[in-house]
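J.: My questions all concern the structure below.
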Amino acid sequence: MPEKKTLKNKGIILGVSGSIACYKAAIIASQLTQKGAEVTVVMTRAAQEFVSPLTFQTLTRHKVITNLFGAEDKYDPEHVALAKGCRLLVVAPATANILAKFATGIADDILSATFLAINSPVLIAPAMNDRMYKHWATQANIKLLKEKGIIFAGPEKGRLSDGAIGWGRMSEPEKILEKIDGILLKNT
């Protein structure tokens, strides 16, 4: 009987940027950890306004990376060290701001610097207001990232944080987890 495909010991970086959808990222972190993945969470400063790093540390049992210039006992640029063991970078939620940084190569925080150091596949789950999502600049950034091989999960149409119905709602954790499985388990 063939061996069952698993996420056990696969290094995944979960990038979390500042959106109300951060609570969904906690579900993703928990589910990936339960599947045996080694999840390291990288949070932007804005993400920390929505969910505490302690939440992710508790769910993943790993230190949460929040600062590009954190002091450590030994010198090892965090964003480069993270990239070395990464099989997949998942950014959920991905705001219009972080998409713009990724598309233009801006690396002024730990998440955008990590993105530039990654050689693994990248999965992005956008989350933003309908008007922000439909804006020409955001659409141009998404198009460019897709052309460069970045994989997207969503966004979807649904109720947004302002109560309106529109495009920009982050995909549900189950759909994102299915995409992760599809990326990481297809060749194992």
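J.: State all residues of segment 35-62 that are aliphatic (A, V, I, L, M), touching a Ser or Thr at 6+ places or on another chain (Cβ under 9 Å) and either under 17 Å from M170 (Cβ atoms) or in a strand (DSSP E or B) (or both); if no residue qualifies, say none.
T.: Correct list: V39, V41, V42, M43, A46, A47.
J.: Across segment 122-151, what is the number of residues that are among the small types (G, A, S) and in a helix (DSSP H, G or I)?
T.: Within segment 122-151, residues that are among the small types (G, A, S) and in a helix (DSSP H, G or I) number 2.
J.: Quick one: would you say A140 is in contact (Cβ under 8 Å) with a residue 24 or more places away in the chain and in contact with a helix residue (DSSP H, G or I) (Cβ under 6 Å, 6 or more places away or on another chain)?
T.: On the way: in contact (Cβ under 8 Å) with a residue 24 or more places away in the chain: yes; in contact with a helix residue (DSSP H, G or I) (Cβ under 6 Å, 6 or more places away or on another chain): no.
The answer is no for A140.
J.: Looking at L32, is it over 14 Å from the mean Cα position of the chain (by Cα) and either in a strand (DSSP E or B) or within 17 Å of K175 (Cβ to Cβ) (or both)?
T.: no
J.: Hey, another quick one. Give me the residue from segment 166-188 that is among the small types (G, A, S) and in contact with a helix residue (DSSP H, G or I) (Cβ under 7 Å, 6 or more places away or on another chain) and, out of that set, nearest to K24 (Cα to Cα).
T.: Per the stated criteria, the residue is G168.
J.: Can I ask one more? Listed residues G154, G168; which is in contact with a Ser or Thr (Cβ under 6 Å, 6 or more places away or on another chain), surrounded by 14 or more Cβ atoms within 10 Å (Cβ to Cβ), touching a residue at least 24 places away in the same chain (Cβ under 8 Å) and not in a helix (DSSP H, G or I)?
T.: G154
J.: Take the residues of segment 99-113 that are buried (at least 18 other Cβ atoms within 10 Å of the Cβ) and charged (D, E, K, R): which is farthest from Y133 (Cα to Cα)?
T.: D109
Conditions (1) out of contact with any Gly (no Cβ under 7 Å at 6 or more places or on another chain); (2) modelled with pLDDT of 95 or more, marked per residue:
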residue: S120; (1), (2): yes, no
residue: A125; (1), (2): no, yes
residue: K143; (1), (2): yes, yes
residue: G163; (1), (2): yes, no
residue: N187; (1), (2): yes, no
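The values are calculated or read from the model by the stated rules, or taken from the named source; none is laboratory data. As the structure is a computational prediction, the values presented were derived from the model and not from experiment. Neighbour counts run over all protein chains shown; Cβ positions are idealised from the backbone, glycine included.
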